[in-house]
1. Run Glu92 past the list (1) at pLDDT below 95; (2) under 18 Å from the mean Cα position of the chain (by Cα); (3) farther than 20 Å from Pro305 by Cβ and report the number of the one that doesn't hold.
2. When residues of the range 76-97 are filtered for being surrounded by fewer than 22 Cβ atoms within 10 Å (Cβ to Cβ), in contact with a helix residue (DSSP H, G or I) (Cβ under 9 Å, 6 or more places away or on another chain) and not hydrophobic (A, V, I, L, M, F, W, C), how many remain?
3. Only one of these conditions is not met by Glu195: (1) in contact with a helix residue (DSSP H, G or I) (Cβ under 8 Å, 6 or more places away or on another chain); (2) closer than 17 Å to Ser283 by Cβ; (3) surrounded by fewer than 22 Cβ atoms within 10 Å (Cβ to Cβ). Which number is it?
4. What pairs come out if I take residues in the range 206-221 that are not assigned by TED's automatic domain parsing to the domain that holds Pro261 and pair them with residues that are part of a helix (DSSP H, G or I) and within 16 Å of the ligand (Cβ to nearest atom) whose C-beta lies under 7 Å away, six or more apart or interchain?
5. Which of the residues belonging to the range 222-255 are within 20 Å of Ala156 (Cα to Cα) and either without any contact (Cβ under 8 Å) to a residue 40 or more places away in the chain or within 16 Å of the ligand (Cβ to nearest atom) (or both)?
6. Checking the conditions here, which among Gln153, Gln164, Gln144, Gln148 is without any contact (Cβ under 8 Å) to a residue 12 or more places away in the chain and outside the structural domain of Arg250 (by TED's automatic domain parsing)?
7. Any idea which of Ala292, Ala297 is more than 13 Å from the ligand (Cβ to nearest atom) and modelled with pLDDT under 95?
8. Within the range 143-165, is there a residue that is more than 21 Å from Ser293 (Cβ to Cβ), more than 16 Å from the ligand (Cβ to nearest atom) and in contact with a helix residue (DSSP H, G or I) (Cβ under 9 Å, 6 or more places away or on another chain)?
Amino acid sequence: MTTLAQYLQNASQSKGSGCISTQMVTLVLAIADVSQRISAAVHKGALGGVLGSADTENVQGETQKKLDVIANDMILEALAKTEVVAGMASEELDDCSPVAGHEDKPFLVLFDPLDGSSNIDVNVSIGTIVSVLPNPANGPVTNQAFLQAGTAQLAAAYVVYGPQTQLVLTFGHGVVAFTLDRDAGQYIQTSNGMEIPADTKEFAINMSNQRHWYPPVQRYISELLAGKTGSRGQDFNMRWSASMVADVHRVLTRGGIFMYPKDLRDPNKPGKLRLMYEANPMSFLVEQAGGASFDAAQRILDIQPTELHQRCAVMLGSKNEVNLVAGYHQ
Ligand code: P6P
């Protein structure tokens, strides 16, 4: 039974390329610790008086849930205390949040504190998504410092608050998973190398948007729906949790393709999901597990960001399916 602390300690002492710094150990332990407190608040639900709307809006113009704001503030406070973070950016904050006096610290951290928060009040799995970038450390921390391609990430993680609370993590040398032992207050390693099968029979997309999709997605999904009677010659199954963390965790666990494509509802909007703290960390994890992740034209991790909260289309998961639908876009 390896605890997260033991795993990180071993990784910091490994001689190979998988070695991580002691500062990264400090950061990940702080993320794990605050996620345990978020998990406790999530699982208390109505009994903790934390459900419902905060009656405020975030930069996306979305109504914030009380737990969104609580989780956001908990993470900002916890990571500032690590003294290894120069600044943070969050879905819930208009601009980045520099850590005063720490502009020379090694990490920039971006996060979606509680993704899928529309599910909070109906007791469906939600999660925290985290992306770690190097701090350029060339002066004060501004939004510009965060605008690095996904390939620059030093680490990516999510915590899914579901029947179990699980932490899934990569430093670029494979994907490991830990399950929270609530009694012991410890994350225990439960996977030493998550791998996404190259093929799948399961797809995840919000079918209510079907009439708005562009032709390549129309074609791809109609082939899946045709099943045995169509060109694919096999039946497919559909899942849609309306929680990216829950859907991506299923893909990492048993394969699948997850899609949130750009559509005709707003041709100026490249998609719904955010690049910096949703698509990039999830794409890093998916690629590290042997999957693929594209927007419509390119590998998501290669996108050069221009805005902190920019959105992108997402097609990620089992690489043979992602490559097939990406090919339809060419
Ligand atoms: P829709 C949650 O709001 C989220 O950002 C992702 O977690 C999820 O995959 C998607 O939006 C759900 O979107 O349009 O189906 O509600």
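1. All conditions are met except number (3).
2. Residues meeting the conditions: 6.
3. (1)
4. Matching pairs, first to second residue: none at all.
5. Matches in the range 222-255: Ser243, Met244, Val245, Ala246, Asp247, Val248, His249, Arg250, Val251, Leu252.
6. Gln144
7. The match here is Ala297.
8. Yes, the conditions are met somewhere in the range 143-165.
The values are calculated or read from the model by the stated rules, or taken from the named source; none is laboratory data. Being a predicted model, the structure only gives us computed values, none of them experimental. Quick reminder, even Gly has a Cβ in these numbers, built from the backbone with ideal geometry, and neighbours come from all protein chains shown.
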